[in-house]
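Asker: Pasting a structure here, questions to come.
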Amino acid sequence: MGTRSRTAELGVEPPVDFSYGSLRRIYRLAARRFELRPLGAPLPATPSVIVRHDIDIGLEHAIPLAELEAQLGIRASYLVMTDSDLYELDDDNVAAVRRLAELGHELGVHVDVSPGASPDSAVRDAARRLAALAGVEPASCSFHRPAAELLRGPDLVGGLASAYAAPLMRCYLSDSAGSWRQDPIRVLSETGEPVVQLLVHPVWWGPEAAEPPDRLESLYDERTVSASAAERERLDRALHAALEPAVRRGLLPE
């Protein structure tokens, strides 16, 4: 049963979809019971929702979301990859990172730790690179598909606040791969936990509701307008590796 149907059963309207209007409603609901905060800020005594965004695919969708949050008075954490097969920190993306900081959001690093590598070293290296390129000191970190030993771990990794610190994982809401594992409306309405972590990936969201495969298809089309067949294949492989099991509309059976 989909998120829409579960939400309707709760009697909470309007239901959750991947539109900015729906996200506003999630934030407004959260603000009734919690203080909304970025990842690296010290936790207050009052109940809190940590608002986090991992930038897995690119920064195209990050700025509109960051502007929406700034309008709502929300300061969130945007965690950027400095070594990715899907985007580079070129001039345009560095300008986008700086814009996120100008809007008042916290910057952090989203790190893919190689097997056997030191998470602390990987985070420090990524943080140094982001600071050197964008002139912004990261305050927090998260891991792309973290290994089990990184889950419910220490509060700090590489000197930065970790998204997978044990106190932040007791109540965890995520739209990873375009699918909520728990109903955000239900959890934010009913949980008794003092801290909720809300992970929202900008790639899935837009002004109008759309299914995740359609979002990916639009992104694929935009990036491959003048691409060669080999470049299109590389993008498909990189998207699949980053977002599995989510796939773009063009790869779904008719």
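The values are calculated or read from the model by the stated rules, or taken from the named source; none is laboratory data. If you're wondering where the values come from, they're calculated on a predicted model, not measured in any experiment. So basically every Cβ, Gly included, is an ideal-geometry build from the backbone, and we count neighbours across all protein chains shown.
Asker: Could you tell me whether Ala238 is touching a residue at least 24 places away in the same chain (Cβ under 8 Å), surrounded by 14 or more Cβ atoms within 10 Å (Cβ to Cβ), over 18 Å from Glu88 (Cβ atoms) and out of contact with any strand residue (DSSP E or B) (no Cβ under 7 Å at 6 or more places or on another chain)? Walk me through how you get there before you give the answer.
Answerer: Details: touching a residue at least 24 places away in the same chain (Cβ under 8 Å): yes; surrounded by 14 or more Cβ atoms within 10 Å (Cβ to Cβ): yes; over 18 Å from Glu88 (Cβ atoms): no; out of contact with any strand residue (DSSP E or B) (no Cβ under 7 Å at 6 or more places or on another chain): yes.
For Ala238, the condition - touching a residue at least 24 places away in the same chain (Cβ under 8 Å), surrounded by 14 or more Cβ atoms within 10 Å (Cβ to Cβ), over 18 Å from Glu88 (Cβ atoms) and out of contact with any strand residue (DSSP E or B) (no Cβ under 7 Å at 6 or more places or on another chain) - is not met.
Asker: Take Glu222 and decide whether it is within 22 Å of Tyr78 (Cβ to Cβ), part of a helix (DSSP H, G or I), charged (D, E, K, R) and not assigned by TED's automatic domain parsing to the domain that holds Asp112.
Answerer: In short, yes.
Asker: Are any of the residues in segment 61-72 assigned by TED's automatic domain parsing to the domain that holds Ala95, modelled with pLDDT of 95 or more, within 21 Å of Ser142 (Cα to Cα) and out of contact with any helix residue (DSSP H, G or I) (no Cβ under 9 Å at 6 or more places or on another chain)?
Answerer: No: zero hits.
Asker: Hey, another quick one. Pick out the one residue from Glu254, Glu193, Glu231 that is over 21 Å from Arg52 (Cα atoms), modelled with pLDDT of 95 or more and not in a strand (DSSP E or B).
Answerer: Glu231
Asker: Of all residues being surrounded by fewer than 20 Cβ atoms within 10 Å (Cβ to Cβ) and on the phi > 0 side of the Ramachandran plot in segment 146-177, which is modelled with the lowest pLDDT? Just the residue, please.
Answerer: Result: Arg152.
Asker: Please give the strands (runs of 3 or more DSSP E) falling wholly within segment 12-107 in which 3 or more residues are more than 14 Å from the chain's Cα centre (by Cα).
Answerer: Those strands (runs of 3 or more DSSP E) span 35-37.
Residues checked against (1) farther than 29 Å from Gly40 by Cα; (2) assigned by TED's automatic domain parsing to the domain that holds Ser77; (3) of a type in the set (A, V, I, L, M, F, W, C); (4) in contact (Cβ under 8 Å) with a residue 24 or more places away in the chain:
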| position | (1), (2), (3), (4) |
| --- | --- |
| Pro154 | no, yes, no, no |
| Ala166 | no, yes, yes, no |
| Arg186 | no, yes, no, yes |
| Ser189 | no, yes, no, yes |
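Asker: Is there a residue in segment 204-217 that is exposed (fewer than 15 other Cβ atoms within 10 Å of the Cβ), among the basic types (Lys, Arg) and either assigned by TED's automatic domain parsing to the domain that holds Leu23 or assigned to a helix (DSSP H, G or I) (or both)?
Answerer: The answer is no, given that none of the residues of segment 204-217 is exposed (fewer than 15 other Cβ atoms within 10 Å of the Cβ), among the basic types (Lys, Arg) and either assigned by TED's automatic domain parsing to the domain that holds Leu23 or assigned to a helix (DSSP H, G or I) (or both).
Asker: Next question, about the same structure. Which one of these is in contact with a strand residue (DSSP E or B) (Cβ under 8 Å, 6 or more places away or on another chain) and basic (Lys, Arg): Arg52, Arg124, Arg129, Arg145?
Answerer: Exactly one residue qualifies, and that residue is Arg52.
Asker: Further question: Looking at (1) touching an Asp or Glu at 6+ places or on another chain (Cβ under 7 Å); (2) closer than 30 Å to Leu36 by Cα, which is the only condition Ala238 fails?
Answerer: (2)
Asker: Ok, one more. With respect to the numbered conditions (1) touching an Asp or Glu at 6+ places or on another chain (Cβ under 8 Å); (2) within 26 Å of Pro64 (Cα to Cα); (3) assigned by TED's automatic domain parsing to the domain that holds His61; (4) not in a loop (DSSP other than H, G, I, E, B), which one is the sole condition not fulfilled by Leu173?
Answerer: So Leu173 meets the others, but not (1).
Asker: On the basis of being among the small types (Gly, Ala, Ser), in the same structural domain as Leu59 (by TED's automatic domain parsing) and in a helix (DSSP H, G or I), does Ala117 make the cut?
Answerer: Taking the combined requirement at face value, the residue does not satisfy it.
Asker: Right, next: Quick check on Arg145: is it over 17 Å from the mean Cα position of the chain (by Cα), under 15 Å from Ile55 (Cβ atoms) and not in a strand (DSSP E or B)?
Answerer: no
Asker: OK, next. Output the residues belonging to segment 59-80 that are under 11 Å from Val97 (Cα atoms) and crowded, with 19+ Cβ neighbours inside 10 Å.
Answerer: Result: Leu59, Ala62, Ala66, Tyr78, Leu79, Val80.
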